[in-house]
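Chemist: Structure provided below as structure tokens; questions to follow.
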Amino acid sequence: MAQSPQAKYRKDYQSPSHTITDIDLTFDLFDSATTVTAISQVKQLLDSTTLFLDGEDLVLKAINVDGEAWSQYQEVEGGLEIHGLPQQFELTVVTQINPEANTALEGLYKSGGAFCTQCEAEGFRRITYYQDRPDVLAKYTTTVIADKENNPYLLSNGNRIDQGELEGGRHWVKWQDPHPKPSYLFALVAGDFDVLRDNFVTQSGRDVALEIFVDKGNLDRATHAMTSLINSMKWDETRFGLEYDLDIYMIVAVDFFNMGAMENKGLNIFNSKYVLANENTATDTDYLGIEAVIGHEYFHNWTGNRVTCRDWFQLSLKEGLTVFRDQEFSSDLGSRAVNRINNVRIIRGPQFAEDASPMSHPIRPDKVIEMNNFYTLTVYEKGSEVIRMMHTLLGEEGFQKGMKLYFERHDGTAATCEDFVAAMEDASGVDLTQFRLWYSQSGTPKVTVSSEYNASQKTYALTIEQVTEPTNNQTDKQPLHIPFDIELYDSKGEVIDLVMDGQAVHHVLDVKAAKQTYVFENVAEKPIPSLLREFSAPVILEYDYQDEELIFLMVHARNEFACWDAGQMLLAKYIRSNVQAVQNGDTVTLPSSVIDAFRGVLLSEELEPAFIAEMLALPSHNEVSGWYASVDVDAIANVLKSLKVQLAQELNDELSAIYHSLKQKEYSIDHAAIGKRSLRNACLSYLAHTEQGNSLVQSQYQSANNMTDTMAAMSAANQAQLPCRETLMADYSEKWKHDGLVMDKWFMLQGTNPADNALDVIRETMNHEAFSLKNPNRTRSLIGAFLSNNPVGFHAKTGEGYQFAGEILRELNSSNPQVASRLIDPLLKFRKYDVERQALIKQQLEALKSMDNLAKDLYEKVTTALDA
Ligand code: TRP
Ligand code: ZN
């Protein structure tokens, strides 16, 4: 590596020397040589006659100032310095770029036959020299010129204001976006598509044209996306009072995309995974994912676009808030309990793991080398939990007042996380001084609770202690303001009123000290506490529950989330004790009381099927691994598998009866139908481990009339390694080999295949006609699944899994560093494994580190992990 990449620090923020009020862009599109002409109106803000413009991989063709060729400039590392400038001027920059050679999928690139852009976070500098920072907001006018036959559709942000024909079969369209925006929200698409059209009338009567662009032939897979968009627009009006602000909203689905989707103003660009669905190609999970991501990008129009981020350290300002909004959207439309459970699984699994890893960072990071590395579970999901805690502290009404004030103060500007908290605080009067620490402190607090009942005094004391262990980036930790939601139950399951010092107290305790005792009065009998209800803070809860108490809560807790959580804690106890048993050479056992508790859940007539399905799901290998400082991969896999088999055998009759009773003749995508499929397939995943497994799975595969049931059968065959696995896999591949998106599910099964020869199969699968390392979805489905969801195969003692990871990472380092950087995460946690494995993983990290063209993305992670 020529020069080590440099870190940027949040504390070094400086406001821009100049601003650009307007930019007029012209793209003359050609596959390998596109010319970009950028005419900017520039104004000096600070006393400086020098302007720095970011730029990467650009060929500079011309620079003019006020129409005259300008020679006072210098091409420097990462950009251009222009000298001797007047206070206000028109700057023309002409650059040439090569979209076809752009495999990193950042800037302007080709996805299949279409041109498209991805500018967040710092991709615009790969299009032209510009102040590529979110606090420079300009009005964009964009002219797109291209060959008409291949590119009948020429799109950009805002409204289409003009168009025309040119010689040589070319044509052009001019777009104008009336809303000033930072460069990361710029977008351009040119290509040939099928278009699904609809419209939406906003609450104030504005008629908005809705257009979804998909690859030709895919129109029948776009309707769910359109429904989701319309639902999003309605929901944001009713719940947040926020209305759309342009005459047109476009969504383009592309096959080559590094992330989920992008909220470019008026022209969202989506990974086709989050648009395309019909019952034959998409599972219920896919449908719900589309609803959530369509919502997420739409909600960014206010939280992200109308109010944007001052600098990239503030990313959670838009992402945490927008994730919170999309979670609320999904919860209002579907099952709140199921949504909460799945969000909490992500926090407790991968987010806690990230918090404990060398790359641990606060939701508002302090130091960044490559911004793309900070689109993380911490910034997004923990960021959303931080917003949710404010919502809990302020209540819906106070929170909405805060949102209103936030928009009053910051609409049309670039703001900070501090601005958001201040608006919440000022609007509600709730003191958030200590709460702000959630933005700057990384790591997961551990909250240990102990209780004491005093029968003669009729008091019940809860002592709550919080500790945050040091993380890689921060050693000194302070106590946080933790909203701690509790309920106390008497033996009949009735709620005991919370009284302290003679006063009724709210069920959300404001825990602020390192150690604090709450003494509740008038408690007639020893209560059973329900703690951290709704997962009211992203913390690890420790309380020494007895089995009977957890079983009691599984039935009597007043909200579904708490019932589920009790079930999880009960399972956790026995997973831990059995891991130890396995390590001592003993067998895996589960007491009949626990089995009966789950039998009770299964047979419940009050609980929704979707919820029962969640209750039955064992925690993932990754989540369990997170409980240990040192992970015994094989023991955990063994225990999870044995518990599954044991539950399947003990509950065989009930599972079987429910499985058969839930068969639906007609397919429908409503929430009740999804819930039934979910429970039925949860039963199947257990039944796969019984004698009837192979025949049940086979017949479900054969009779399935939707992808959810097809995939459930295949996935059961895969997990239980049933004899029918190969036949089903071959049949599916034959049917879908021409459709990469549908094949991703198949690739994922190959990636997670718990067979001994998994890696051989994966290497062979890389030759499948639908596979390509150039496509991020394919890569994540097969390789990503192996690295992060095939614990036994990936962590094989021989080190062959690590070796394989190293090979792939070295290749992706050159073609697509962003994807490489996501894949590498499991390797960064090498300290959690035994010394032999540690050495083998480190060897791969060292090999990467010694590469002379190591991308910033991998450089940052590899050096951070090795130096930790
Ligand atoms: N802002 C996008 C979102 O969360 C994230 C995103 C899409 C992104 N594509 C990206 C971030 C590429 C970095 C790089 O909705
Ligand atoms: Zn987002």
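The values are calculated or read from the model by the stated rules, or taken from the named source; none is laboratory data. No experiment lies behind these values; they were computed from the predicted model shown. Cβ coordinates were reconstructed from backbone atoms using ideal geometry, including for glycine residues, and neighbour counts include every protein chain displayed.
Chemist: Could you tell me which residue of the range 264-290 is nearest to ligand 2 (Cβ to nearest atom), considering only residues that are surrounded by fewer than 24 Cβ atoms within 10 Å (Cβ to Cβ) and of a type in the set (Asp, Glu)?
Modeler: Per the criteria, the residue is ASP286.
Chemist: Further question: Suppose the filter is in a strand (DSSP E or B), closer than 30 Å to VAL379 by Cα and either of a type in the set (S, T, N, Q) or out of contact with any Asp or Glu (no Cβ under 6 Å at 6 or more places or on another chain) (or both); does VAL519 pass it? Explain how you work it out, then say what you get.
Modeler: Details: in a strand (DSSP E or B): yes; closer than 30 Å to VAL379 by Cα: no; either of a type in the set (S, T, N, Q) or out of contact with any Asp or Glu (no Cβ under 6 Å at 6 or more places or on another chain) (or both): yes.
Judged against the criteria, VAL519 is not a match.
Chemist: For the structure I just gave you, tell me whether PHE399 is within 24 Å of the chain's Cα centre (by Cα) and within 16 Å of ligand 2 (Cβ to nearest atom).
Modeler: Numbers: within 24 Å of the chain's Cα centre (by Cα): yes; within 16 Å of ligand 2 (Cβ to nearest atom): no.
So PHE399 does not fit the description; no.
Chemist: Which one of these is in a loop (DSSP other than H, G, I, E, B) and surrounded by 14 or more Cβ atoms within 10 Å (Cβ to Cβ): TYR184, TYR244?
Modeler: Residue meeting the stated conditions: TYR244.
Chemist: Within the range 21-46, count every residue that is crowded, with 19+ Cβ neighbours inside 10 Å, within 20 Å of TYR109 (Cα to Cα) and either hydroxyl-bearing (Ser, Thr, Tyr) or in contact with a helix residue (DSSP H, G or I) (Cβ under 9 Å, 6 or more places away or on another chain) (or both).
Modeler: 2
Chemist: May I ask you to list pairs of residues, at least six apart or on different chains, whose Cβ atoms are under 8 Å apart, with the first in the range 622-641 being modelled with pLDDT of 95 or more and the second being outside any helix (DSSP H, G or I) and of a type in the set (D, E, K, R)?
Modeler: These pairs meet every condition: SER630/ASP834.
Chemist: Looking only at the range 47-54, decide whether some residue is outside any strand (DSSP E or B), surrounded by 17 or more Cβ atoms within 10 Å (Cβ to Cβ) and either over 35 Å from the mean Cα position of the chain (by Cα) or of a type outside the set (D, E, K, R) (or both).
Modeler: We begin by selecting, within the range 47-54, every residue outside any strand (DSSP E or B); these are 47-50.
From what's left, surrounded by 17 or more Cβ atoms within 10 Å (Cβ to Cβ): none.
No.
Chemist: Evaluate the range 830-842: report whether one residue or more is outside any helix (DSSP H, G or I), within 26 Å of VAL368 (Cα to Cα), of a type in the set (D, E, K, R) and in contact (Cβ under 8 Å) with a residue 60 or more places away in the chain.
Modeler: Step one: filter the range 830-842 for residues outside any helix (DSSP H, G or I), giving 833-834.
When the remaining residues are screened for being within 26 Å of VAL368 (Cα to Cα), the result is none.
No; the residues of the range 830-842 include none that is outside any helix (DSSP H, G or I), within 26 Å of VAL368 (Cα to Cα), of a type in the set (D, E, K, R) and in contact (Cβ under 8 Å) with a residue 60 or more places away in the chain.
Here is a yes/no grid of residues against (1) farther than 30 Å from GLU521 by Cα; (2) not in a strand (DSSP E or B):
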residue	(1), (2)
ARG409	yes, yes
GLU418	yes, yes
VAL421	yes, yes
TRP438	yes, yes
SER442	yes, yes
SER450	no, no
TYR453	no, no
SER456	no, yes
TYR460	no, no
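Chemist: If you don't mind, another one. Can you work out which of the residues in the range 419-462 that are of a type in the set (S, T, N, Q) and more than 27 Å from SER357 (Cβ to Cβ) is surrounded by the fewest Cβ atoms within 10 Å (Cβ to Cβ)? Working first, answer last.
Modeler: Going residue by residue through the range 419-462, those that are of a type in the set (S, T, N, Q) are 428, 433-434, 440-442, 444, 448, 450-451, 454, 456-457, 459.
When the remaining residues are screened for being more than 27 Å from SER357 (Cβ to Cβ), the result is 428, 433, 450-451, 454, 456-457, 459.
On the way: SER428: 20, THR433: 9, SER450: 13, SER451: 18, ASN454: 12, SER456: 5, GLN457: 11, THR459: 16.
Here the answer is SER456.
Chemist: With respect to LYS401, is the statement that it is surrounded by 22 or more Cβ atoms within 10 Å (Cβ to Cβ), part of a helix (DSSP H, G or I) and among the charged types (D, E, K, R) true?
Modeler: Working: surrounded by 22 or more Cβ atoms within 10 Å (Cβ to Cβ): no; part of a helix (DSSP H, G or I): yes; among the charged types (D, E, K, R): yes.
Here the answer is no, as LYS401 does not meet what is asked.
Chemist: Can you confirm whether the range 325-341 contains a residue that is on the phi < 0 side of the Ramachandran plot and in contact with a strand residue (DSSP E or B) (Cβ under 9 Å, 6 or more places away or on another chain)?
Modeler: yes
Chemist: Here are the criteria: (1) in contact (Cβ under 8 Å) with a residue 40 or more places away in the chain; (2) more than 22 Å from VAL275 (Cα to Cα); (3) surrounded by fewer than 24 Cβ atoms within 10 Å (Cβ to Cβ); (4) within 16 Å of ligand 2 (Cβ to nearest atom). Tell me which single one ILE346 does not satisfy.
Modeler: That leaves (1) as the condition not met.
Chemist: For the condition part of a strand (DSSP E or B) and aliphatic (A, V, I, L, M), what is the one hit in ILE230, ILE251? Full working, then the answer.
Modeler: Values: ILE230 fails: part of a strand (DSSP E or B).
ILE251 is the lone residue from the list that is part of a strand (DSSP E or B) and aliphatic (A, V, I, L, M).
Chemist: Same structure again: ASN280: closer than 21 Å to THR117 by Cα, part of a loop (DSSP other than H, G, I, E, B) and not acidic (Asp, Glu), yes or no?
Modeler: Details: closer than 21 Å to THR117 by Cα: no; part of a loop (DSSP other than H, G, I, E, B): yes; not acidic (Asp, Glu): yes.
It is false that ASN280 is closer than 21 Å to THR117 by Cα, part of a loop (DSSP other than H, G, I, E, B) and not acidic (Asp, Glu).
Chemist: Say we look at the range 187-211 and pick out the residues that are outside any strand (DSSP E or B) and polar (S, T, N, Q); which of these is surrounded by the fewest Cβ atoms within 10 Å (Cβ to Cβ)? Can you show your working first?
Modeler: Step one: list which residues in the range 187-211 are outside any strand (DSSP E or B), which gives 187, 192-193, 202-206.
Still in the list and also polar (S, T, N, Q): 202-204.
On the way: THR202: 16, GLN203: 13, SER204: 8.
The selected residue is SER204.
Chemist: Write out, first by first residue and then by second, each pair whose Cβ atoms fall under 6 Å of each other, whose residues are 6+ apart or on separate chains, and whose first residue, in the range 374-402, is closer than 10 Å to LEU321 by Cα while the second is away from ligand 1 (no atom under 16 Å from the Cβ) and modelled with pLDDT of 95 or more.
Modeler: GLU381/ILE347; GLU385/PRO538; VAL386/TRP438
Chemist: Yes or no: VAL344 within 16 Å of ligand 1 (Cβ to nearest atom), in contact with a helix residue (DSSP H, G or I) (Cβ under 6 Å, 6 or more places away or on another chain) and among the hydrophobic types (A, V, I, L, M, F, W, C)?
Modeler: Numbers: within 16 Å of ligand 1 (Cβ to nearest atom): no; in contact with a helix residue (DSSP H, G or I) (Cβ under 6 Å, 6 or more places away or on another chain): yes; among the hydrophobic types (A, V, I, L, M, F, W, C): yes.
When the stated conditions are applied, VAL344 does not pass them.
Chemist: Among the helices (runs of 4 or more DSSP H) confined wholly to the range 314-362, which include 3 or more residues that are within 25 Å of SER625 (Cβ to Cβ)?
Modeler: Per the criteria, 336-346, 352-355.
Chemist: Right, something else. Within the range 616-639, count every residue that is out of contact with any Ser or Thr (no Cβ under 8 Å at 6 or more places or on another chain), in a helix (DSSP H, G or I) and closer than 23 Å to LYS832 by Cα. Outline the logic, then answer.
Modeler: Initial filter on the range 616-639 (out of contact with any Ser or Thr (no Cβ under 8 Å at 6 or more places or on another chain)): 616-621, 623-630, 632, 634-635, 637-639.
Those left that are additionally in a helix (DSSP H, G or I): 616, 621, 623-625, 634-635, 637-639.
Adding the requirement that they be closer than 23 Å to LYS832 by Cα leaves 621, 623-625, 634-635, 637-639.
Selection size over the range 616-639: 9.
Chemist: For the range 265-299, give me the residue count where each residue is within 13 Å of ligand 1 (Cβ to nearest atom), of a type in the set (D, E, K, R) and touching a helix residue (DSSP H, G or I) at 6+ places or on another chain (Cβ under 8 Å).
Modeler: Total meeting the criteria: 2.
Chemist: Also, I was wondering about something else. Exactly one of these conditions fails for ILE841: (1) touching a helix residue (DSSP H, G or I) at 6+ places or on another chain (Cβ under 8 Å); (2) farther than 27 Å from PRO619 by Cβ; (3) of a type in the set (Val, Ile, Thr). Give me its number.
Modeler: (2)
Chemist: Any chance the range 320-328 includes a residue that's touching a Lys or Arg at 6+ places or on another chain (Cβ under 7 Å) and away from ligand 2 (no atom under 16 Å from the Cβ)?
Modeler: No - not one qualifying residue is present in the range 320-328.
Chemist: Given (1) free of Cβ contacts under 8 Å to residues at least 40 places away in the same chain; (2) on the phi < 0 side of the Ramachandran plot; (3) outside any strand (DSSP E or B), where does LYS174 come up short, assuming only one miss?
Modeler: Unmet condition: (3).
Chemist: Run down GLU542, GLU560 and say which single residue is modelled with pLDDT of 95 or more and either surrounded by fewer than 19 Cβ atoms within 10 Å (Cβ to Cβ) or in contact with a strand residue (DSSP E or B) (Cβ under 6 Å, 6 or more places away or on another chain) (or both).
Modeler: Numbers: GLU560 fails: either surrounded by fewer than 19 Cβ atoms within 10 Å (Cβ to Cβ) or in contact with a strand residue (DSSP E or B) (Cβ under 6 Å, 6 or more places away or on another chain) (or both).
Criteria check complete, one pass: GLU542.
Chemist: While we're on this one: Taking the residues in the range 291-313 that are more than 18 Å from ILE251 (Cβ to Cβ) and assigned to a helix (DSSP H, G or I) as candidates, determine which candidate is nearest to ligand 2 (Cβ to nearest atom).
Modeler: TRP312
Chemist: Scanning the range 407-432 for residues that are of a type in the set (Ser, Thr, Tyr) and touching a residue at least 40 places away in the same chain (Cβ under 8 Å), which turns out nearest to GLN516 (Cα to Cα)?
Modeler: Here is the first cut: in the range 407-432, the ones of a type in the set (Ser, Thr, Tyr) are 413, 416, 428.
Among the residues that remain, those that are also touching a residue at least 40 places away in the same chain (Cβ under 8 Å) are: 413, 416.
On the way: THR413: 41, THR416: 33 Å.
Looking at the filtered set, the residue picked out is THR416.
Chemist: When the range 66-85 is examined, which residues are found to be touching a Ser or Thr at 6+ places or on another chain (Cβ under 8 Å) and either surrounded by 15 or more Cβ atoms within 10 Å (Cβ to Cβ) or farther than 29 Å from SER4 by Cβ (or both)? Break it down into steps so the answer makes sense when it comes.
Modeler: To start, the set of residues in the range 66-85 that are touching a Ser or Thr at 6+ places or on another chain (Cβ under 8 Å) comprises 67, 81-85.
Scanning the range 66-85 gives GLY67, ILE82, GLY84, LEU85.
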